[in-house]
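Just below is one structure, and these are the notes that go with it.
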Amino acid sequence: MKDLFKTLALTALTVCAADVAMATELRLSVETPPGHVRNLAAERWAEAIATKSKGAITVEVFPAAQLYKSADAIRALASGALDMSIQASPTLSRFEPNLSVITLPMFFGASRDDVRTILDGPLGDELWGMVAKKGIVVPDGGHFEFAPNNSAYTAGKVVATYGDLTGVKLATPPSPVVVAIMKEMGAAPQATPRSEIVLQLTQGQIDGLGSVTDLTIKGGKLWEAGIDNAFADNAGWGVYIPLMSKASLEKLSPEDQAIIQEAWSETVGWARDYAANELADARAVNEANGVTYHDPDPATIQAMREKMTAAQDAIVADGGMDAEFVGRVQAALTGN
């Protein structure tokens, strides 16, 4: 009997050891703080993966740039040094310029449905394919929105008209196309990592932020860093994109790869709804914390849109974007 128990115990230990050996641990890096919609989506994705894999795959979420700042995270994904992330399209566009397409002037005044018509269809698949060629996979289900963007949120400097943008030093997402757009609008843009914005605001190195959204202000409580004015003109869009290192995926079995894909497909609907609801009340939260909004009239916005659309071809060329792809997106957007 003792020999039987010894045999059973050894068998159990062998099985446990095999289970441990097969367990997969992945790392997911985001630069936003805990509680941000990007972090919440990452956590839900991680939970879904653990549930669907019955604990065989675990994902540890590292917030607030504990592992990587955004640009470094993208390079780490491409090399396989990092497994997963969720990144904003303007930041990722430094890696794949065509991701700036929804930031272009043709998307000024566009709706969330307009963005989904493009990104949830064949053109979106084509765009994610461009990313995949560089070693980073966008899981099934794709993006969720955090915009529309507004042209300026400022500290101690009122921007109530497009003319007021002239010479204003605005931190922008680190996207050459965003910088080019803001310059064309007359501002003095400075591509700035998110993790440096508060310091630059409090030290007076910048006047505010450009081409960001109400959620940026609310999520970072940037009124505490001096933001007290907003120029709300719905100037283009931005989305968050879930990402998986192709090198990391290729180390997994086809079944485990499918689990990660399916887990995001089950998460993205929640992320879209949550972000939309959060955006809906973000302005009210910002106003309650002392941010004054200035809303240009529709005719003024349309005039700026027409001016910027005339400059779009040059912005596309200078930004290294595929003009033919951009043209097909514009045709799909306008129905022409």
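The values are calculated or read from the model by the stated rules, or taken from the named source; none is laboratory data. All values reported here derive from a predicted model rather than from experimental measurement. Cβ atoms come from the backbone with ideal geometry, glycine included; neighbour counts cover every protein chain shown. Calculation scope for accessible area: heavy atoms of the full protein, side chains included, ligands and nucleic acids excluded. Shrake-Rupley method; radii C 1.70, N 1.55, O 1.52, S 1.80 Å.
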Within the stretch 149-175, residues more than 26 Å from Ser111 (Cβ to Cβ) and either open to solvent by 10 Å² or more (accessible area, probe 1.4 Å) or among the charged types (D, E, K, R) (or both) come out as Ala155, Gly156, Lys157, Val158, Gly163, Asp164, Thr166, Gly167, Lys169, Pro174
Expected single match for buried (at least 20 other Cβ atoms within 10 Å of the Cβ), assigned to a helix (DSSP H, G or I) and either of a type outside the set (Ser, Thr, Tyr) or under 24 Å from the mean Cα position of the chain (by Cα) (or both) among Leu279, Leu215 is Leu215
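The rows are residues; the columns are (1) more than 14 Å from Pro242 (Cα to Cα); (2) touching a strand residue (DSSP E or B) at 6+ places or on another chain (Cβ under 9 Å).
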site: Ala42; (1), (2): no, yes
site: Ser70; (1), (2): no, yes
site: Pro97; (1), (2): yes, no
site: Ser100; (1), (2): yes, no
site: Leu127; (1), (2): no, no
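Rundown of residues vs (1) over 20 Å from Ser175 (Cα atoms); (2) free of Cβ contacts under 8 Å to residues at least 40 places away in the same chain, yes/no style:
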{"site": "Leu92", "(1), (2)": "no, no"}
{"site": "Glu96", "(1), (2)": "no, yes"}
{"site": "Phe107", "(1), (2)": "no, no"}
{"site": "Asp114", "(1), (2)": "yes, no"}
{"site": "Thr117", "(1), (2)": "yes, no"}
{"site": "Leu123", "(1), (2)": "yes, no"}
Could you list, in sequence order, the residues of the stretch 301-336 that are modelled with pLDDT under 95 and among the polar types (S, T, N, Q)?
Gln302, Thr309, Thr334, Asn336
Please go through the stretch 131-171 and pick out each residue that is free of Cβ contacts under 8 Å to residues at least 60 places away in the same chain and polar (S, T, N, Q).
Thr166
Out of all the residues in the stretch 93-118, which are of a type in the set (A, V, I, L, M, F, W, C), open to solvent by less than 10 Å² (accessible area, probe 1.4 Å) and more than 16 Å from Thr213 (Cβ to Cβ)?
Leu99, Val101, Leu104, Met106, Ile118
